[in-house]
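The values are calculated or read from the model by the stated rules, or taken from the named source; none is laboratory data. On a predicted model such as this, the values are computed, not experimentally measured, just so you know. Don't worry about glycine lacking a Cβ; one is built from the backbone with ideal geometry, like all the others, and counts go over all protein chains shown.
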């Protein structure tokens, strides 16, 4: 049962990645920017957050918002299918050990995501903030009720969007493990393109396996930025 749950988590992550790449490719194509899977993924994440922020000004974030993002993502793959499939085939031509390493990391993180959420801030205010987003549009003056609810992190919008279907109520473990995987996979992609070193991927693996995960997404971007310079 545990293995089946982990495989279900990994499959859902793959679906999220596909949707974000498709969503990002729409905007990159619109501005005539050269498409790459990594750029499309990060652009898709940014666009999805922007859509959810606008949505939550008027409506609570429900399954309808998630469905809208999914449809936009699929539309991106349909309109840019030739370029995206070409980029995907090129990515699969990288060294086999790196692909196997990435698969192993994803499966390991999926196994960890099956467990309970152990982050202190989740119980303090994170879960409450997500519940407000799921139940109401943006509430003016909410911080007067509890100051931490006024932080209004955009990450909570993503958590709310994931609170649907069979994963309802498990979104916190889900998103934290996604951030770990993005750190390692982003650095792996930088290795493939020659903009980072293998040591950076190994460092990411150590941090993930040890549970030390501070600002992993920011660290991934800064590592590749230093390598490019």
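Could you list, in sequence order, all residues of the range 60-69 that are assigned to a helix (DSSP H, G or I) and surrounded by 17 or more Cβ atoms within 10 Å (Cβ to Cβ)? Selection gives 65, 66, 69. Of all residues in the range 1-48, those satisfying the criterion of being closer than 21 Å to residue 92 by Cα and without any contact (Cβ under 8 Å) to a residue 24 or more places away in the chain are 11, 14, 15, 34, 39, 42. Please determine, by comparing only the residues of the range 138-160 that are over 28 Å from residue 113 (Cβ atoms) and in contact with a helix residue (DSSP H, G or I) (Cβ under 6 Å, 6 or more places away or on another chain), which one is modelled with the lowest pLDDT. Selected residue: 150.
Residue 39 passes every criterion in (1) farther than 23 Å from residue 156 by Cα; (2) at pLDDT 80 or above; (3) under 17 Å from the mean Cα position of the chain (by Cα) apart from (1). Among the residues of the range 89-124, the ones that are exposed (fewer than 13 other Cβ atoms within 10 Å of the Cβ), under 30 Å from residue 29 (Cα atoms) and modelled with pLDDT under 80 come to 5 in all. When we screen 84, 52, 20 for residues that are within 30 Å of residue 140 (Cβ to Cβ), at pLDDT 85 or above and in a helix (DSSP H, G or I), the only hit is 52.
The residues of the range 125-147 that are assigned to a helix (DSSP H, G or I) and surrounded by fewer than 12 Cβ atoms within 10 Å (Cβ to Cβ), listed by number, are 144, 147.
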